[in-house]
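Comments concern the structure below.
The values are calculated or read from the model by the stated rules, or taken from the named source; none is laboratory data. Note that the structure is predicted; figures quoted are calculated from it, not measured. Cβ atoms come from the backbone with ideal geometry, glycine included; neighbour counts cover every protein chain shown. Remember, those area values only see protein heavy atoms, side chains included, never the ligands or the DNA or RNA. Shrake-Rupley method; radii C 1.70, N 1.55, O 1.52, S 1.80 Å.
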Amino acid sequence: MTTAETPTSAPGAGESASPLRKALTTRLLFLFILGDVLGAGVYVLVGQVGGEAGGAVWVPMLVALVLALLTAGSYAELATKYPRAGGAAHYTKRAFGPFPGFVVGFCMLAAGVVSVAALTRAFGGEYLTAFVELPVLAVTVLFLGALALLNARGIRESMGANAVATLIEVGGLGLIVGLGAWVVLRGDGEFTALTELGTGEKGPAAAVLSGAVLAYYAFLGFEASANLAEETRDPRRSYPRALFAALGAAGLVYLLVGVAATVSVPTERLVESSGPLLEVVRAAGGVPERLFSAIALVAVANGALLTGIMSSRLAFGMARDGLLPSFLARVLPVRRTPWAAIAVTTGLSTGLALTGDLSTLAATQVLLLLIVFAAVNAAVLVLRRDRVAVHHFRVPGAVPVLGVASCAVLATQIEGGVWLRGLLLMAVGVVCGLVARLRRRRD
């Protein structure tokens, strides 16, 4: 991969003064991406990946990391070429026009809102009941209300909270790795499962692909960072470094956690458990289960905070581009945060959290993001003819092509019922886009 191309024309979008405060450094952006990727997924997915692929969960995790890096390369090129809030919606609009831009932006926005709702349901699940049992309504309103207030207070304050939460998340996963090593050192580790690929119903290749789809969910979150390029002090230098470093670190942590879980706990027990990493804690002993439950709650809350930040910035960017109602582009005069977008996206997540279940919401999010990723990879190829008067990151042409192909392959593994829900959401986006188009023509 190279880092520059010869400038020939006008600056990329986002070079003019922005109403958003540029407060993010490379370190803060790295922690944002790492915290978003190391979210709730790894705390529940290890067992499910094992159920699809067999004991060698590290193999589909490695495959998922490689596939995620393909699309991450496309994001790195476009975010440094056009450092604006709006992310995928803005890139698709420039490449294919306002209507495709709206549909892709709507899918991204819907995925973000759905993700926050799913994480809210996860927050109110087993890990919280280890401490207290509360009604779903109370958990949803209090949890999302607190996150919205932190989001509205400021990007620096939100990133400060994320930095602390990310360190806790990494510490919790490091604890799992350490406990796995302890199980091995005392002679209770089982290594044969590390090479077991396939199940009774699937051969090794099909098992790896099915497991990679689930593992891919654990790497989602990096795409949210593209919406913060406008709030980054030097996005062309900071964004690629933070993005690839965070994905590499997350991939290493996931591989180590997968190995630790596999050697410590029988695959069958991991598959049956709704908290597979808690099974590692129980197998090793010596660590209070409530301590790990608290760490898991921090991970879930941090993931919801970061996804909420992404959703609000995306809604803000789409409103500024004329793809959503203009009032969503309003910002607080002192804090300079998009309060209207924060309020609306939080309200939508609240409604979904009160009416949906965790598994359905998570699967729908994956499908919506695969559509978004395919569009972003295609946009890289189309926008190569748009030469900007600034240096920016650039990937080889094969990367976005392989990125599109990877999205298509993963989409074939998604169940028909999820496709139906995803297509219904897309239909809503298409209708809204047509309405917005008619309004613009009248104006």
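Brief remarks on what is shown
- Loop exposure criterion: chymotrypsin sites (Phe, Trp or Tyr not before Pro), DSSP state outside H, G, I, E and B, at most 15 other Cβ atoms within 10 Å. Applied to the chain, the longest stretch between such sites is 192-443.
- Among the GluC sites (Glu not before Pro) in the range 82-180, those placed in a DSSP loop whose Cβ has at most 13 other Cβ atoms within 10 Å are GLU133.
- Angle in degrees between helix 235-264 and the longest Cα principal axis of the chain, rounded to the nearest 10: 20 degrees
- Two-site label geometry, LEU252 and VAL287: point separation in nm, points 7 Å out along Cα→Cβ: 1.9 nm
- Simple label model, 7 Å out from Cα along Cβ direction - PHE99 to LEU137, nm: 4.3 nm
- Rolling a 1.4 Å probe over the heavy atoms of the protein chains gives the chain an accessible area of 39 Å² per residue.
- Computed over the chain, relative contact order equals 37 percent, with contacts defined as Cα pairs under 8 Å that lie 6+ residues apart.
- Seen through its C-alpha gyration tensor, with square-root eigenvalues sorted a ≥ b ≥ c, the range 267-344 comes out prolate because a/c lies at 1.5 or above while a/b is bigger than b/c.
- Once the Cα atoms are used to define both axes, helix 398-411 deviates from the longest principal axis of the chain by about 60 degrees.
- The structure-derived value of P(r) over Cα pairs in 20 Å bins from 0, in percent appears in the list [x] 27, 59, 14, 0; [y] 21, 36, 33, 11, 0; [z] 24, 54, 18, 3, 1 under the label [x].
- The range 102-248 - percent relative contact order, Cα under 8 Å, separation 6 or more: 8 percent
- Helix 58-81 and the longest principal axis of the C-alpha atoms of the chain enclose an angle of approximately 20°.
- Extending 7 Å from the Cα toward the beta-carbon at both ILE414 and GLU272 defines two label points whose distance is 3.2 nm.
- Of the solvent-accessible surface of the chain, computed with a 1.4 Å probe and all protein chains present, 66% belongs to carbon and sulfur.
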